Every structure is written in structure tokens, then in C-alpha cells.
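Peer 1: Submitted below is the structure of interest, expressed as C-alpha cells.
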Amino acid sequence: MEPQDQSHGGDGGDFSVSGFDSAEKVIMRWDATASEEAREKMIFTDPQEVKLYLHAVDEIQRYVSSGGEIENRANSAIQIAMARLEDEFRNILVCHSSPINADSLMSSSSSAHLEVDEDGSNGNCNEEDDQQEEEETDLLKRTGSSSGSSSGTVRLPTGRGSYSRSTSSIREIELIPIDAVVYLSWIARRMVSAGYLRECIQVYGSVRKSAVDSSFRRLGIEKLSIGDVQRLNWEALEQKIRRWIRAAKICVRVVFASEKLLCEHVFESVGAVNIHEACFMETVKGPAIQLFNFAEAISISRRSPEKLFKILDLHDALIELLPDIESVFDLKSSDSIRVQAAEILSRLAEAARGILSEFENAVLREPSRVPVPGGTIHPLTSDANTPEIDFSELENKGPLALHLIWIILILQFNLEGKSKYYRDAALSHLFVMNNVHYIVQKIKGSPELREMIGDLYLRKLTGKFRQAATYYQRAAWVKVLYCLRDEGLRTKGSFASGVSRSALRERFKSFNALFEEVHRVQSQWLVPDSQLREELKISILEKLSPAYRSFLGRFRSHIESGKHPENYIKITVEELETEVLDLFEGLSATQHLRRRSE
């Protein structure tokens, strides 16, 4: 039970000199400036000493306005006592201000209690570990009950009833053991009563802020300025965004919320107006600004299409967190934090709209009628990262999805129009194949985009680029394969074989000329995706190689039995296969000749 402050005022009528002398002796015995024993030991490790010392402080406090010599002695003793209590206050905070254990934050245990790491050892929070991500997500899912029903949350008796929260996702945890909280509350009351409010707030804020900073490090929240964030390359930034989204939810719902509750427990009975608010802001204002500065840097960074979905992820995360932010930072002194979060949310939405509008304008206004060389990926497509959408299946689509669909349809129409600029029909189909395949791969590589598009649209797109590949093969190779047919070679003449040698020679000449021309031209065409390129070559060989081998098998003897067979059979099956494997590399004529000579 707390020692009671029995001060009765400053008229001097109820004062006892003997009581004052006894209290002064207790104060002086723990004067760290005068006693080595007092420097080595702490009062608040022994409940009996705590009781004696606080009684002495309360007794001395009764004399600070009594007048005369005893008032001077009382003021001197109070100064010594406040210096001692400040040290004790700091020591209790430091002893119990280790960072939140990252393992506890990510624990799959069903307990609402999250432990505090007493040894202060560091965990590596910057590694992108899938299991860790799942466990963090599991923690956040399990913060579904309000703080009022959390069995692991310290609840000190209060005159104001239970604390009410506006969201159900906040989970306050026990940052400091209840006995230490009680001691802190007793010390704070004496310091404020003696006029040491500022010192109390500064000590509390500095120690607890250090603990919050340590928890931030455990969660991978780095101290990056807006400039630092904007100088990061996109790959590194993308990883940090993923980490920030998970960590921000824990920071707001667990770390900040728990700090606020701790301030209320320590200072609610002190009596000074809004002291718990001042201590809370002293603790978390800096870390909160640090946390939200990252999202702010993203919201004002240079816009580019590849950032769209991560910006939307940040936007959605902040929308989800905003009620929690408004609940935790519901104090008048924390207006700036609520305003900052709301402004960042607005800027992220504007950035997403801006990226879509800029891309839409790029698609609409792209004026080039010059086809890209070799039928490769058009810059318009590489900026798009978007698929084809069927308007017959747009039920329940939100504004963002409808906007994307509109842009996608414009993109598709534009690309199909550009394919017509190629004079070679085969190259036109290769261009469509390359660009649609690129879009399919972008969708497969983006979980967010794939979820938005859905497997149905992905299958349709896959079918579209495969259809384009089929059209390409027909346009490019049908004439070559046509040379390997039997029709037109048979005759009713006197030859027992029934084969017209002159017609056969012309057929071989046509095949050689067509194959050489196709190979010369298509060696300069480009299929950027290595897997698609190999699949296309294999598909060509599956049709061409058996047909040529069979043709040679049926008619080689007729050529070789005549004059100058080398003028007609110029390539073996193996050489043909090697030549096909040279295709779609984007080789210049010089490179092609060099490769053939090697």
C-alpha cells in the first residue's frame, strides 16, 4: 500500500520537529553526493526502504512553506530527495525498458501477453524471411479483440473506469511489470507535487523513447530521411515497403498503443493536468514522425508505372491503420501526427491517380508509326504492366479496376494498330506475341496484379500470345513447308519412278531460296524472353525437321543420280536444325555471317 501524503498546509500548527528531524535523517542517509553506500544501492529494491523514504519525503514536504529556519532545511532536503527520486525513477525505467522481443511479436502463441526482452540482445530484423512475414501477419490477425478484453494487459484500478478504444485491432501489452509501474507512479506524484514536473517528463520521455527506438530496430524500421528514401533504387525500396507495411501495423497497434497505456498508468493519479499526454508525446513523437516519413517520401517521389501497386499497397495499409492512428493519437497535442497520416494518405491516392493518368495519356498520345526493329517489346508495353480485360465480366469491379481496364483496352488497340506497320505479316504476329507474352509474365510476377486480374484473364492472355505464335509460324513457314510436298512432282512419263526430275530440281531450288531468305531475315528478329524463344524454335523444328528429313529420304536419290547434285541439296537435316537455332537473336547480317563461319 502506498505511503500516504499527510501534508496539512503551511500554518505550522501541526508540525513536529522530531518528525521532521527523523524524516531529514532518512533523506540525508540516501544522499548519493555524500554517501558511497547511497551511490551503490537503490532504494526501490527494498519495499521497507521504499516505505520509509516516501514517508520521509511526504513529511519534509509539509514544511516547505512553514517559514523560518525549518523551511530552509525542508527546501534543501526536498532538493536532495528529488535528485534521489529522479535517479530512482530513471533506474526503474531503464531496468524495465528493453525493446519488445521480436520473437514474441512474431510468436504463433494464442496468448495475448507479449514478453519484453530483458537482456536487450539484438535480433536481425532486416532479413526478408517468408516464415517471419507469415508470423507477423498472424500476430496482426490475432489482434482482433479490443484492449479491454486482453488478459495480458495490465489494468490498474482507476477512478475513471476502463479505457475505451475506438478500434478492435489495437493490442496493448505489458511493457513494465505492475510493481514497477506502481513505484513509478508513487515517485511521479512526489516529483510533480514538489515542482519537478519538467524533470519527470524529460526522464520518462528519454528512457522510453530509447526503448521505442530499439523496438523499431527490431522491426526493421530504419532512420531514413525523405532524401535517403528517394535515392534508393526501386528493388531495394520495394522490399522496404513490404517490411514497412507489416512493421507499421505493429508500431501503431502494439508499440505506440502500449506506450500510451503505460503513460496513463504511471501518471493518471499524479494530479497534474494532461501530464500523461505530455509524457506520451515526449516518448513517441520522434519515432512516429520517423515512421510516417517513409510513407511520405514514397508519396512525393517521382512517379513511374512500376511503383503503382506498391503505392496502392501503402495506401491500403494506411486506410486500414487510420482508425487506429486516430485512436492512439487522439490527444490534442498529437494533432500533427494525425494530420500527417491523413495528408500522406491523400498524397498516395493522388500519386496512384497520377500514374494511371500519365500512362493513359502516354497510350493515347503515343504517335510513333515506326515499328520497333525485330518485332521486340514496344516501350509502350514495357511501361504498362497491364493485361487485357473482357468488359463482359466487370461486375463488382471498383473504380481502380475500371480505370485499369480502360487503359488496357486502349493499350491493346494501340499495339494491334502498330503491328500493322510491319510489311511482313509474320513479323507483325511476332510483335503481338512478344508484347502479350511480356504482359503475361508481368502479371505472373506480381501477386497483387495477378489477384486483381484473376486466372481467367491470365488464361485468355496466354491463349492470345500462343495464337499469335501459331499465326507467326503459318505466315513465316507455310511456303517453306509447301516446297516439301509431293504434289506436282509425279509424272506419267517413261520414268519407272514416276518423278519429274526437272520439277524436283526446281522444288529443291525453291526450298533452298525460301529457307535461306527466312533464315536471313528472322535471324535479325528478336524474341527477348529466352524461354519463349526456345519454345518457338522447338515448335518450328517439330514441323520443319521431320518434313525435310522425309522429303530427302523420298527424293535424294533422284537428285544424286543426276548431274551436280550439290546445286540442289545444299543443306543437311542437322544443318537445317542448327540454322533454325540461330533465329530470334536480333543478329545483324555481319554477326550472322560471323556465327556461320565459326
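The values are calculated or read from the model by the stated rules, or taken from the named source; none is laboratory data. It should be emphasised that the depicted structure is a prediction, and the values quoted were computed from it without experimental measurement. Heads up, the Cβs are rebuilt from the backbone with ideal geometry, glycines too, and the neighbour counts pull from every protein chain shown. Accessible surface is based on the protein model in full, side chains and every heavy atom, while ligands, DNA and RNA are left aside. Shrake-Rupley method; radii C 1.70, N 1.55, O 1.52, S 1.80 Å.
Peer 1: Every residue in region 76-85 that is open to solvent by 40 Å² or more (accessible area, probe 1.4 Å) and under 23 Å from Thr45 (Cβ atoms), please.
Peer 2: Ala83, the sole residue that qualifies.
Peer 1: Right, something else. Restricting attention to region 343-362, and to residues there that are open to solvent by 50 Å² or more (accessible area, probe 1.4 Å) and not polar (S, T, N, Q), which single residue is nearest to Leu308 (Cα to Cα)?
Peer 2: Going through the qualifying residues, I end up with Arg353.
Peer 1: What's the total number of residues in region 42-59 that are open to solvent by 30 Å² or more (accessible area, probe 1.4 Å), within 19 Å of Ala194 (Cα to Cα) and among the aliphatic types (A, V, I, L, M)?
Peer 2: Total meeting the criteria: 1.
Peer 1: Quick one: how many residues across region 456-471 are more than 27 Å from Lys537 (Cβ to Cβ) and either modelled with pLDDT of 90 or more or not aromatic (Phe, Trp, Tyr) (or both)?
Peer 2: The qualifying residues number 1.
Peer 1: Same structure again: Return the only residue of Ser539, Ser510, Ser545 being touching a residue at least 24 places away in the same chain (Cβ under 8 Å), closer than 19 Å to Ala468 by Cβ and surrounded by 14 or more Cβ atoms within 10 Å (Cβ to Cβ).
Peer 2: Ser539
Peer 1: Within region 232-281, which residues are open to solvent by 10 Å² or more (accessible area, probe 1.4 Å), among the acidic types (Asp, Glu) and part of a helix (DSSP H, G or I)?
Peer 2: Those that are open to solvent by 10 Å² or more (accessible area, probe 1.4 Å), among the acidic types (Asp, Glu) and part of a helix (DSSP H, G or I): Glu235, Glu238, Glu264, Glu277.
Peer 1: A further question follows. Which pairs do you get when a residue that is of a type in the set (A, V, I, L, M), found in region 215-228, comes within reach of a residue that is in a loop (DSSP other than H, G, I, E, B), reach meaning Cβ atoms under 7 angstrom, with the pair 6+ apart or on two chains?
Peer 2: Leu219/Cys125
Peer 1: Next up: Go through (1) touching a residue at least 40 places away in the same chain (Cβ under 8 Å); (2) open to solvent by 30 Å² or more (accessible area, probe 1.4 Å); (3) among the basic types (Lys, Arg) one by one and return the number of the condition Arg338 breaks.
Peer 2: All conditions are met except number (1).
Peer 1: Just need a number here: residues in region 436-445 that are over 13 Å from Gln467 (Cβ atoms) and either among the aromatic types (Phe, Trp, Tyr) or open to solvent by less than 20 Å² (accessible area, probe 1.4 Å) (or both). Outline the logic, then answer.
Peer 2: If we filter region 436-445 for residues that are over 13 Å from Gln467 (Cβ atoms), which is where we start, we get 438-439, 441-445.
Among the residues that remain, those that are also either among the aromatic types (Phe, Trp, Tyr) or open to solvent by less than 20 Å² (accessible area, probe 1.4 Å) (or both) are: 438-439, 443.
Total meeting the criteria: 3.
Peer 1: Quick check on this structure: which one of Arg62, Arg39 is basic (Lys, Arg), modelled with pLDDT under 95 and more than 17 Å from Val192 (Cβ to Cβ)? Walk me through it before giving the result.
Peer 2: Numbers: Arg62 fails: more than 17 Å from Val192 (Cβ to Cβ).
Among Arg62, Arg39, only Arg39 is basic (Lys, Arg), modelled with pLDDT under 95 and more than 17 Å from Val192 (Cβ to Cβ).
Peer 1: Of these, Arg29, Arg73, Arg90, which one is surrounded by fewer than 20 Cβ atoms within 10 Å (Cβ to Cβ), at pLDDT 90 or above and in contact with a Ser or Thr (Cβ under 8 Å, 6 or more places away or on another chain)?
Peer 2: So the residue among Arg29, Arg73, Arg90 that is surrounded by fewer than 20 Cβ atoms within 10 Å (Cβ to Cβ), at pLDDT 90 or above and in contact with a Ser or Thr (Cβ under 8 Å, 6 or more places away or on another chain) is Arg29.
Peer 1: Free of Cβ contacts under 8 Å to residues at least 24 places away in the same chain, in a helix (DSSP H, G or I) and over 14 Å from Ile540 (Cα atoms): which single residue out of Arg474, Arg450, Arg485 fits that description? If you could, list the steps in order and put the result at the bottom.
Peer 2: Details: Arg474 fails: over 14 Å from Ile540 (Cα atoms); Arg485 fails: in a helix (DSSP H, G or I).
After ruling out the rest, the residue left standing is Arg450.
Peer 1: For region 36-65, which positions are farther than 26 Å from Tyr204 by Cβ and in contact with a helix residue (DSSP H, G or I) (Cβ under 7 Å, 6 or more places away or on another chain)?
Peer 2: Tyr63, Ser65 - these are the residues of region 36-65 that are farther than 26 Å from Tyr204 by Cβ and in contact with a helix residue (DSSP H, G or I) (Cβ under 7 Å, 6 or more places away or on another chain).
Peer 1: Tell me, yes or no, whether region 262-274 has at least one residue that is at pLDDT 90 or above and either more than 30 Å from Met191 (Cα to Cα) or of a type in the set (Asp, Glu) (or both).
Peer 2: yes
Peer 1: Same structure, new question: Looking at region 172-194, which of its residues are in contact (Cβ under 8 Å) with a residue 60 or more places away in the chain, open to solvent by 20 Å² or more (accessible area, probe 1.4 Å) and of a type outside the set (Phe, Trp, Tyr)?
Peer 2: Answer for region 172-194, where residues must be in contact (Cβ under 8 Å) with a residue 60 or more places away in the chain, open to solvent by 20 Å² or more (accessible area, probe 1.4 Å) and of a type outside the set (Phe, Trp, Tyr): Glu174, Pro177, Val182, Arg189, Val192, Ser193, Ala194.
Peer 1: If you check Arg594 against the conditions, is it open to solvent by 40 Å² or more (accessible area, probe 1.4 Å), modelled with pLDDT under 85 and under 29 Å from Ser428 (Cα atoms)?
Peer 2: yes
Peer 1: Can I ask one more? Restricting to region 54-89, give me the number of residues that are under 15 Å from Tyr183 (Cα atoms), without any contact (Cβ under 8 Å) to a residue 60 or more places away in the chain and over 52 Å from the mean Cα position of the chain (by Cα).
Peer 2: Final tally of qualifying residues: 1.
Peer 1: Of the conditions (1) outside any helix (DSSP H, G or I); (2) at pLDDT 90 or above; (3) at negative phi, Gly195 clears all except one; give me its number.
Peer 2: Going through (1) outside any helix (DSSP H, G or I); (2) at pLDDT 90 or above; (3) at negative phi one by one, Gly195 breaks only (3).
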